[in-house]
Amino acid sequence: MKYNMKKKNNKIYNIIILALITIIVLYFSLKDNFNETINEIVNMNILWLLVAFIFIILFWTFKSYSIYNFCKKIKSDFKFTQAIQLTLRTQFFNGITPFATGGQPYQIYYLKQIGIDYASSTGVVLENFIVYQIALVILGLIALLCNMFFHIFTKVYLLQKLIAIGFIINTLVIVVMFILAFSKKINKILINIGINLLSLFHLVKDKELKKDKWNDNINRFNKSAKILLKDKKLFIKNIIYNFIALICQYVIPLFILYAMGDYSSFTADIAIITSAYIMIIGSFVPIPGGSGGLEFGFHEFYSNFVIGPQLSALMLIWRFITYYFGIIIGAIALNIKKVK
């Protein structure tokens, strides 16, 4: 009961922080040109706006194919509709937790509920996270190289340093994930340290029994991870699915720009490169949804191409489609299950 109350309080706390950050962002986005920004939004072309929404749905769809392929390898009767459902719910939990850390634990819980044991589900979720990170880093590397050769951004020196830090952090995350996935020795050391610490505070009664249980889980988790990695074709295919998913997400600002009647300020390749920069920065902002950091990065990078009310409107609609819309749809997906 106490644990559930603590989880509920943490969720409420995260939502309050998110709401405060959102209000602050809205204030600074609208304070200088409120009427003009609202006018830009109100007069948007609905059809181009619909295309932007379609592309965020495509982003979720391709991400669903990735988790579907991994789960299908472990559980032959796993359905694509279940993968879609899991992806949408993950948007909600990622959206309301710092560093998007809430999605993976929920994925493990969900997969356990449909019959995949904790060890195997942890392996699936970890592998799926690895392929996503690899796709993110590849696109980030492409963006870095493009800027290096074509000098796309001319006035974002501080942010370029943050990009370098973000690129290094995301690469290190991949390395750490591989170590956790395939090093039984390191996993067992970490589990033993954790159980020993818990026993000092009398939170674990039978220390040796717990160690044996967790060591057995680690063996099964390691076996599951190796099965998934052994299928290199599947691994590469899922990297490609995540790569395509990210491109679908990164190109969304272009369609919002078209919705505002501007067909010349930047092109699809510029939108993808710019968004790749922004997302690498946002990945290490310790606030739910990277709020504040992502908006700042968006404003600074896209101000190379658009300014004033147009930039503010572009940022607000982009943020709604790529972030808040996912939280809303994820919450609906969760509540539909509760109603059933």
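General observations
- Within-14-Å neighbourhood charge of Thr322 [Cβ basis; K, R +1; D, E -1]: +1
- Segment 50-114 - convex hull of the alpha-carbon atoms, volume per residue in Å³: 85 Å³
- Flagged links, alpha-carbon separation over 24 Å, of Lys79/Lys230; Lys72/Lys232; Lys72/Lys237; Lys72/Lys207; Lys188/Lys233: Lys72/Lys207; Lys188/Lys233
- For the pair Ile193 and His151 in one chain, pulling the backbone fully straight at 0.36 nm per residue adds 10.2 nm over the alpha carbon distance.
- Centre separation in Å (Cα based) which lies between segment 65-97 and segment 159-178: 25 Å
- If you take all other residues with their beta carbon under 15 Å from the beta carbon of Lys237, and give Lys and Arg +1 and Asp and Glu -1, the sum is +4.
Here, each number is a calculation from the coordinates, and none is a lab measurement. Because the structure is predicted, anything quoted here is derived from the model rather than measured. Note that we place each Cβ from the backbone using ideal geometry, even for glycine, and neighbour counts take in every protein chain shown.
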